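**Q** Provided herewith is a single structure, encoded as structure tokens, for subsequent inquiry.
The values are calculated or read from the model by the stated rules, or taken from the named source; none is laboratory data. Fair warning: this is a prediction, and the values are worked out from it, not measured in the lab. For neighbour counting, all protein chains shown are included, and Cβ atoms are generated from backbone atoms with ideal geometry for every residue, glycine included. Ligands, DNA and RNA are stripped out before the accessible areas are found, and what is left, the full protein with its side chains, is counted by its heavy atoms. Shrake-Rupley method; radii C 1.70, N 1.55, O 1.52, S 1.80 Å.
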Amino acid sequence: MEGFNTFEKQDKVLIGMSGGVDSSVAVRILQEQGFAVQGAVIRFSPAHDAAVTAAQATADTLKIPLHVIDAEQAFETHVILPFCENYCAGRTPNPCIACNPLVKFRLLAEKADELGCAFIATGHYARVEVGEDGISRIAVPESAARDQSYMLYRLPQDILRKLVLPLGEFEKDDIREMARELQLACADAPDSMEICFIPDGDYSAYIRARGFSPKIGRFIGPDGEDLGAHAGVDHYTVGQRKGLGIAAGRPLFVKAILPSGDIQLAETGQEYSTCMTLTDLATPDGEPLAAGEYLVKIRSAAKPTPCRYDGSGSVTFPEPVRAPAPGQSAVFYRDGLVYGGGIIDTTD
């Protein structure tokens, strides 16, 4: 590690890099905060080879060492297979939520320990706060438009205690401007909107190419009428209106994907729910989530809405919410802090 002997005099941090603008600028922010920064890029699948190349270019520009972590087998086991299985069962999984605690942050932490780095960091728009109870929790960032706290709700305490999130105090425009000042090639690159291991966004083709056979069934109308065969449950999600491929003479949306493979449709106004049940709950300290009043997000881009949690997996809403989707996560907040969350299982 010739040329990086100042590491012994500073707090060392290992930052996860993708070659994108957020993690790239986060490197410089950490350096300005006095950290001795090393980078790590995780190769989750062959689709990530370009990210490895881009991260290396950024590391060279910012003059930090970069470590490549191979995670293909772990990613296959913990992310890709459950993603395919859930879609085939008519659920809508969020692979990032599974990846963060089981693959990405776990491997970053292990590599940091190997390198003697006390901290890990990423370019997520969120913060970490330690409460009076000594528990570290994810907190919402300054930028409400870029809030990624929802994606990090399953991180455990051993990760949160060493996690640094330098973008929590910034807006995206600020980050792009810093990238231009640093003359980074990624300064004006568009944000990725697709799942990282399916860059073309064709989930169904990806799932079927891997040998999975999603259930085939019928569209069932609001009055129980048979509206014809659908293309397979992997093409649809609860709340979906467009791309159904049926001519019903009135707007319809997916109300539920049934265990049989049939898809229940409903008319506008019938997509709202007043309660739901959750499974696989997680909290920052590993303790059961206490019953009480919270704000909850039922998808990443949703606005937090008031709810009551009963302490055993059931959530009720004083005002109905639109289309909670089984397989997605519900994340609970108080005072801008993440208190836990779980996987949506059923809705009313």
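**Q** Output ³J(HN,Hα) for segment 269-278: one whole-Hz value per residue in order, computed from phi by the Karplus curve 6.51 cos²θ - 1.76 cosθ + 1.60 with θ = phi - 60°, and x for Gly and Pro.
**A** Here the 3J(HN,Hα) series is x, 9, 8, 9, 10, 10, 7, 7, 10, 10 Hz.
**Q** Return the percentage of antiparallel bridges among DSSP beta bridges fully within segment 23-169, rounded to the nearest 5 %.
**A** In segment 23-169, approximately 35 percent of DSSP beta bridges are antiparallel ones.
**Q** With Cβ to Cβ distances under 13 Å as the rule, what net charge do the other residues near T77 carry (K, R +1; D, E -1)?
**A** -2
**Q** Could you tell me the calculated FRET efficiency between T279 and R334, based on Cβ-Cβ distance and R0 = 35 angstrom, to the nearest 0.05?
**A** Calculated transfer efficiency: 0.95.
**Q** For the chain, give the magnitude of the charge dipole about the Cα centre (Cβ charges: +1 Lys/Arg, -1 Asp/Glu; no others), in debye to the nearest 20.
**A** About 440 debye.
**Q** Under the Kirkwood approximation for Rh and a Cα-based Rg, what ratio Rg/Rh is obtained for segment 21-96?
**A** Numbers: Rg = 15.9 Å, Rh = 14.2 Å.
We get a ratio of 1.12 for segment 21-96.
**Q** Translational diffusion coefficient, Stokes-Einstein: compute it for segment 217-308 using the Kirkwood radius over C-alpha pairs as Rh, at 25 °C and 0.890 mPa s, and state it as an integer in µm² s⁻¹.
**A** 158 µm²/s
**Q** What is the ratio of the Cα radius of gyration of the chain to 2.2 N^0.38 Å, with N the residue count, to two decimals?
**A** After normalising by residue count via 2.2 N^0.38 Å, the value is 1.06.
**Q** Roughly how many percent of the accessible protein surface of segment 283-333 is carbon and sulfur, given a 1.4 Å probe and a whole-percent answer?
**A** Looking at segment 283-333 in its full context, I get 55 percent from C and S.
**Q** Determine the distance separating the Cα centre of segment 262-283 from the Cα centre of segment 289-344; give it in Å without decimals.
**A** The distance from the Cα centre of segment 262-283 to that of segment 289-344 comes to 12 Å.
**Q** Check A325: other-chain or 5+ apart residues with amide H under 5 Å from its amide H, H built from backbone geometry?
**A** Here nothing satisfies the definition.
**Q** Okay, next question. For the full complex of protein chains and a 1.4 angstrom probe, list R218, R106 by accessible area with the highest value first. If you can, show how the numbers build up before the last one.
**A** Values: R218 95, R106 70 Å².
My answer, sorted largest first, is R218, R106.
**Q** For K162, what charge total do you get from the other residues with a beta carbon under 13 Å from its beta carbon, if Lys and Arg give +1 and Asp and Glu give -1? Write down the numbers at each step before the final one.
**A** Working: positive: K12, R106, K111, R161; negative: D11, E110, D113, D158.
Value of the local net charge: 0.
**Q** Could I ask something else about it? Given the options M178, L167, Y150, identify the residue whose Cα lies farthest towards the positive end of the charge dipole of segment 150-212 (+1 on Cβ of Lys, Arg; -1 on Cβ of Asp, Glu).
**A** Y150
**Q** Tell me, what is the per residue accessible area of segment 162-237 in Å², probe radius 1.4 Å?
**A** Per-residue accessible area for segment 162-237 comes out at 54 Å².
**Q** Now, a different point. Along the charge dipole of the chain, which of F35, I120, Q328 sits closest to the positive end, that is, farthest toward it, with unit charges on the beta carbon of Lys, Arg, Asp and Glu (+1, +1, -1, -1)?
**A** Going by the charge dipole, the pick is Q328.
**Q** List nothing, just return the count: lysine pairs in the chain, 8 or more apart or interchain, with Cα separation under 18 Å.
**A** Summing the qualifying lysine pairs gives 8.
**Q** Add +1 for every Lys or Arg and -1 for every Asp or Glu among the other residues with Cβ under 12 Å from the Cβ of A189, and state the total.
**A** Around A189, the charge tally is -1.
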